Amino acid sequence: MGVWSVCCILLFSCQLKFSCAHNDFFTSIGHMTDLLFTEKDLVTSLKDYIRAEERKLEQVKQWAEKLDALTTTATQDPEGFLGHPVNAFKLMKRLNKEWSEVEDLVLKDMSDGFISNLTIQRQYFPNDEDQTGAAKALLRLQDTYKLDTQTISSGDLPGLTTGLPFKSTLTVEDCYELGKIAYSEADYYHTELWMEQALKQLNEEEESSIKIVTVLDYLSYSVYQQGELERALDYTMRLLTMDPEHQRALGNLKYFDYQLAKQKKAEREQSAKEESKNKQQKDSERKEYLPEKRKYEQLCRGEGLRMSPRRQRRLFCRYYNNNRHPFYMLGPVKQEDEWDRPRIVRYYNVITEKEMEKIKELAKPRLRRATISNPITGVLETAQYRISKSAWLAAYEHPVVDRINQRIEDITGLDVKTAEELQVANYGVGGQYEPHFDFGRKDEPDAFKELGTGNRIATWLFYMSDVPAGGATVFPEVGAAIKPMKGTAVFWYNLFPSGEGDYSTRHAACPVLVGNKWVSNKWIHERGQEFRRPCGLKETD
């Protein structure tokens, strides 16, 4: 059995052994960075194995060359050669002992160290769910930011500076894999897009082990599933010109022909009036189903902002001392109005680089997949619309957490003793959190019952990284979009002074297109507060 056969068997056994080890890697860039160092360690181990194999082959090569010269001379006059007693002795010695040593050398497995390291590390590898999650993230980014497959495949994403060393492109195999994952999810729209991109790159003569026939097979079925029978038929006929014996395509050709004839007959029988009526009904249903999602995605792209110039002129920047707070009298903070209704303000330079790094350091080992509360069961569970990992830090755990909590209290004038712990979140590939409320609504009377601190009055959100593209905090109800800026924090009230929820504060975290998004937030609760409006906010706002 060859070395690589052994490697393959061991790799397969490793996969079986550690298949259940899973950590939702795709939901946090912070955790994914560990994988890079794991991979670097494996590359070093692999290079050590290659060097060992090369040394072994060099020894075998030297032996072969020496014996090649010897046997060439000896076979010219075998009897004369063996007439010398030393040659006869050495022939016996070589065949009895030295060839056995060569055999042992050739059979010696130099991969033990590499396989051992790989076996140990494999328990920390991503699994199929991670790969599928990362693929879905790419598709989500494609839809949200209206990116075509060529843009993604070429790696020319918005927000990337040209010439950056980490720009990456997709091969035919990569595009094909994205199409296959979409296909496995019955997402025929994206199957078509990515199989077409794979086909395009194959037609441009990119080297690949993927066959055009295989791609056409997926394409014909995916467009058929979307009701485009004529295109499905075209792809099938093209496939058959390349492989006339393709059994599935031969069967599909007959079926598509039959369905197309049936469709054309039905279209002739259907009146134009009914067609128009059905179309209007479908459009109406689509509008009812996707209004918020469309607004959300528009805002993520920087479209659909609803702030008139007149309203914008009423927004100001100022130095703020929270009603002459002793600490901020000497060093007031920079405050900027981001939005008027609901009132959202941003504070600049309210957390230092050192503090942010310490918060990340404390949170990273404890990051877990972010959950949502099921509105029906009340049970915490993961959801595809919240792709991130989070950790909770208590004030007693480190002085920096306590200091940050005090700073929030000093600036807002709200008591943080009954607030939730500091939540730290890191977003993964295409990380997002779709539109949601921070406060408990009337239909969720027990939302924070276990805490015993009432509803969430306000949200304080630190941005602990810059995000080159995507990742904005958007408010679909009012058309506001807040861009992440490292070292700043935004603040808004979730409740009116009456205690009623402010439904205009429904917000979302847009998918991160390029970069690594770290945030931390503090949810401040009702208990212990004198409900007043600090930060210069008026009740009429």
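The values are calculated or read from the model by the stated rules, or taken from the named source; none is laboratory data. Every value quoted in this text rests on a predicted model; they were computed, and no experiment measured them. Note that each Cβ is placed from the backbone with ideal geometry, even for glycine, and that neighbours are counted across all protein chains shown. Keep in mind that these areas ignore ligands, DNA and RNA; they rest on the heavy atoms of the full protein, side chains included. Shrake-Rupley method; radii C 1.70, N 1.55, O 1.52, S 1.80 Å.
For the stretch 68-116, which residues satisfy the criterion of being in contact (Cβ under 8 Å) with a residue 40 or more places away in the chain and open to solvent by 90 Å² or more (accessible area, probe 1.4 Å)?
LYS108, the sole residue that qualifies.
If you check SER45 against the conditions, is it over 30 Å from ALA425 (Cβ atoms), of a type in the set (S, T, N, Q), modelled with pLDDT of 85 or more and open to solvent by less than 60 Å² (accessible area, probe 1.4 Å)?
yes
Can you tell me which residue within the stretch 474-491, out of those that are open to solvent by less than 10 Å² (accessible area, probe 1.4 Å) and not aliphatic (A, V, I, L, M), is farthest from the chain's Cα centre (by Cα)?
Across the stretch 474-491, the extreme among qualifying residues is PHE491.
Given (1) assigned to a helix (DSSP H, G or I); (2) without any contact (Cβ under 8 Å) to a residue 24 or more places away in the chain, identify the lone condition not met by SER45.
The one condition SER45 does not meet is (2).
Looking only at residues that are open to solvent by 20 Å² or more (accessible area, probe 1.4 Å) and of a type outside the set (Val, Ile, Thr) in the stretch 26-41, which one is modelled with the lowest pLDDT?
MET32
Quick check on the stretch 117-131: of everything there that is in a helix (DSSP H, G or I), open to solvent by 60 Å² or more (accessible area, probe 1.4 Å) and of a type outside the set (Val, Ile, Thr), which residue is farthest from ARG51 (Cα to Cα)?
Of everything passing the filter in the stretch 117-131, GLU129 is farthest from ARG51 (Cα to Cα).
So which residues in the stretch 113-136 are in contact with a helix residue (DSSP H, G or I) (Cβ under 7 Å, 6 or more places away or on another chain) and aliphatic (A, V, I, L, M)?
If the condition is that a residue be in contact with a helix residue (DSSP H, G or I) (Cβ under 7 Å, 6 or more places away or on another chain) and aliphatic (A, V, I, L, M), then ILE115, LEU118, ALA134, ALA135 are the ones that fit.
Only helices (runs of 4 or more DSSP H) wholly contained in the stretch 132-241 count here; list those with 3 or more residues that are open to solvent by 70 Å² or more (accessible area, probe 1.4 Å).
It comes to 172-184, 188-203.
Just a yes or no: is a residue in the stretch 364-386 at pLDDT 55 or above and under 30 Å from TYR320 (Cβ atoms)?
Scanning the stretch 364-386, I find no residue that is at pLDDT 55 or above and under 30 Å from TYR320 (Cβ atoms), so the answer is no.
Kindly check whether there is at least one residue in the stretch 447-468 that is over 16 Å from GLU420 (Cα atoms), within 25 Å of the chain's Cα centre (by Cα) and surrounded by fewer than 20 Cβ atoms within 10 Å (Cβ to Cβ).
Looking for residues that are over 16 Å from GLU420 (Cα atoms), within 25 Å of the chain's Cα centre (by Cα) and surrounded by fewer than 20 Cβ atoms within 10 Å (Cβ to Cβ), one finds at least one in the stretch 447-468, hence yes.
Out of the residues in the stretch 492-524 that are among the charged types (D, E, K, R) and open to solvent by 10 Å² or more (accessible area, probe 1.4 Å), which is modelled with the lowest pLDDT?
By that ranking, first place goes to GLU500.
Where residues in the stretch 408-439 are among the aliphatic types (A, V, I, L, M) and touching a helix residue (DSSP H, G or I) at 6+ places or on another chain (Cβ under 9 Å), which of them is modelled with the lowest pLDDT?
Among residues in the stretch 408-439 that are among the aliphatic types (A, V, I, L, M) and touching a helix residue (DSSP H, G or I) at 6+ places or on another chain (Cβ under 9 Å), the one modelled with the lowest pLDDT is VAL429.
Counting just the residues of the stretch 427-446 that are hydrophobic (A, V, I, L, M, F, W, C) and under 25 Å from THR412 (Cα atoms), which one comes out most open to solvent (accessible area, probe 1.4 Å)?
My answer is PHE437.
Please give the number of the condition LEU107 fails out of (1) under 17 Å from the mean Cα position of the chain (by Cα); (2) more than 27 Å from LEU216 (Cα to Cα).
(1) is the only condition that LEU107 fails.
Residues of the stretch 457-509 being under 22 Å from VAL333 (Cβ atoms) and acidic (Asp, Glu), which ones?
Matches in the stretch 457-509: ASP466 only.
For the stretch 117-147, give me each residue that is free of Cβ contacts under 8 Å to residues at least 40 places away in the same chain and not β-branched (Val, Ile, Thr).
Those that are free of Cβ contacts under 8 Å to residues at least 40 places away in the same chain and not β-branched (Val, Ile, Thr): ASP128, LEU147.
Given the criteria closer than 18 Å to ALA509 by Cβ, assigned to a loop (DSSP other than H, G, I, E, B) and either among the aliphatic types (A, V, I, L, M) or touching a residue at least 12 places away in the same chain (Cβ under 8 Å) (or both), does VAL424 qualify?
No.
Can you list the strands (runs of 3 or more DSSP E) lying wholly within the stretch 300-362 that have 2 or more residues being open to solvent by less than 50 Å² (accessible area, probe 1.4 Å)?
333-339, 344-348
Does at least one position in the stretch 199-218 carry a residue that is without any contact (Cβ under 8 Å) to a residue 60 or more places away in the chain, closer than 25 Å to GLY251 by Cβ and of a type in the set (Ser, Thr, Tyr)?
Checked the stretch 199-218: at least one residue is without any contact (Cβ under 8 Å) to a residue 60 or more places away in the chain, closer than 25 Å to GLY251 by Cβ and of a type in the set (Ser, Thr, Tyr).
Here's the yes/no breakdown for (1) of a type in the set (D, E, K, R); (2) in contact with a helix residue (DSSP H, G or I) (Cβ under 9 Å, 6 or more places away or on another chain); (3) at pLDDT below 95:
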| position | (1), (2), (3) |
| --- | --- |
| HIS190 | no, yes, no |
| TRP194 | no, yes, no |
| SER209 | no, yes, yes |
| THR214 | no, yes, no |
| TYR224 | no, yes, yes |
| ARG231 | yes, yes, yes |
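Residues being in contact with a Lys or Arg (Cβ under 6 Å, 6 or more places away or on another chain), on the phi < 0 side of the Ramachandran plot and modelled with pLDDT under 95: count how many of those fall in the stretch 440-464.
The number of residues fulfilling the criteria is 1.
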